[in-house]
Amino acid sequence: MKLAFFNDFRLGIVIGDGIVDVSAVAEVPHTGPGNHISNQIGDFARYRTRLEAAAARGTAVPLADVTLRPPLPRPANIVCMAVNYMEDGTKTEPAPINAFQKASTAIIGPGDRMVLPDVAATIFEGEAELALVIGKTATNVKAADAMDYVFGYTCFIDGSARGVPAFYQMKSRETFAPIGPWIVTADEIADPQNLQIKLWNNGEIKQNFNTDDMAHKIARCIEWVSSVHTLLPGDILATGTNHRGLHAFQHGDKIDLEVEKVGKLSITVHDDLKRTWGRDTRLERAGMTPDTSPQLTGKYAKA
Ligand code: MN
């Protein structure tokens, strides 16, 4: 099942190229879209049959005629794994397991704009990632049981302002957590460790890697994160990226992120300062200094 929010946060089920409004049947206690979806996820066994029946008898509206919204507008936690790919064999062993939190106020959805802040970052990048959606309260979960805690999956872009101190300033900027276009329930993804992830910038493919290259696999990530703190229904755990295709996000860019079997999330990039960078990826700059494309013009550019 593909669960989405659309228009003024109507709850919908996506079927093919259409969406069925199931808001009326989802008698989930809530005060807003954020806890609407998290309460639904946390008690999904109770709602699933009702939702499926409503989707079956409802009339689908073309997706092209609605505005999709972030499917998880306000999760309690967004946790992002750090350096969690083997980078196509260029790393000999996994980096020590590590993660960081991203402010949930950074979330945007399909069609929204990532806005580059007026800070002296060396470059702004967006990391293509598979995100897990947590299905039930997870504390000290063992890896062997961890997949039972996955409700589903969504696409996630980990916006990053490089060259500013610490993860907090780098990662929690407004609009730096694009997600969507919907949540795919876990039963639709037989093997989440074999999904191709592709990211295009203005139609040019930049990132193209498989989740089979993940350093610390999904079950271990859940085990480790849930040993640090409790994860709640509707929380997001982003599983990291292969850094080799990272490149500058800049004003006017159209970004498309596709995770196989999950869907395609499209956003745009806006920069009031209209700064420019080179278009090369980290892979294309291998061995060069700096290892990310330098800023070419605009405020903070080094003459
Ligand atoms: Mn990341």
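The values are calculated or read from the model by the stated rules, or taken from the named source; none is laboratory data. Predicted, not measured: the structure shown is a model, and the values here were computed from it. Because the Cβ atoms are built from the backbone with ideal geometry, glycine has one as well, and the counts that use them run over all protein chains shown. Keep in mind that these areas ignore ligands, DNA and RNA; they rest on the heavy atoms of the full protein, side chains included. Shrake-Rupley method; radii C 1.70, N 1.55, O 1.52, S 1.80 Å.
Some notes on this structure:
- Considering only Ser38, Ser266, Ser23, the mean-square fluctuation computed in a Gaussian network model of the chain, springs between alpha carbons under 10 angstrom, is largest for Ser23.
- When the chain is treated as a Gaussian network with alpha carbon springs shorter than 10 Å, the biggest mean-square fluctuation among Gly89, Gly278, Gly12 belongs to Gly89.
- Residue separation of Ala24 and Ala301 scaled by 0.36 nm, minus their Cα-Cα distance, works out to 94.5 nm of gained length.
- Mean separation of Cα pairs under 8 Å and 6 or more residues apart, divided by the residue count, gives the stretch 29-161 a relative contact order of 21 percent.
- Distance between modelled label sites at Lys254 and Ser227, nm, 7 Å Cα→Cβ extension: 4.6
- When the chain is treated as a GNM with alpha-carbon contacts under 10 Å, the residue of Gly152, Gly203, Gly111 showing the greatest mean-square fluctuation is Gly203.
- The chain: DSSP helices with Cα axial extent of at least 27 Å and average Kyte-Doolittle hydropathy no lower than 0.5: none
- Pairs of Cα atoms nearer than 8 Å and 6+ residues apart set the relative contact order; for the stretch 2-69 it is 41 percent.
- Estimated inter-spin distance, Tyr168 and Asn202, nm [label 7 Å along Cα→Cβ]: 3.6
- Ranking Asp118, Asp43 by solvent-accessible area of protein heavy atoms (1.4 Å probe, all protein chains present), from largest to smallest, gives Asp118, Asp43.
- Multiplying the residue separation of Ala103 and Val61 by 0.36 nm and removing their Cα-Cα distance gives an extension gain of 11.8 nm.
- Relative packing of 207-214, 137-144, 286-293, which averages over residues the other C-beta atoms within 10 Å, highest first: 207-214, 137-144, 286-293
- Considering helices alone, the calculated mean residue ellipticity of the chain at 222 nm is -4000 deg cm²/dmol, with DSSP H runs of length four and up weighted by -39500 (n - 2.57) and normalised per residue.
- Relative contact order of the chain, defined on C-alpha pairs under 8 angstrom at six or more residues apart (%): 21
- Computed over protein heavy atoms with a 1.4 angstrom probe, the accessible surface ordering of Arg279, Arg244, largest first, is Arg279, Arg244.
- Dimensionless Rg over Rh [the chain; C-alpha; Kirkwood]: 0.97
- Cα-only Debye scattering, the stretch 2-69: base-10 log of I(q)/I(0) at q = 0.20, 0.28 Å⁻¹: -0.75, -1.34
- Working from label points 7 Å from Cα in the Cα-to-Cβ sense, the Asp17 to Ala53 distance is 3.1 nm.
- Probe 1.4 Å, accessible area per residue of the chain, Å²: 42
- Annotation: for a label point projected 7 angstrom from Cα along Cα→Cβ of Ala82, residues of the stretch 264-303 with backbone N closer than 20 Å are 291-292.
- Multiplying the residue separation of Thr276 and Asp212 by 0.36 nm and subtracting their alpha-carbon distance yields 19.6 nm.
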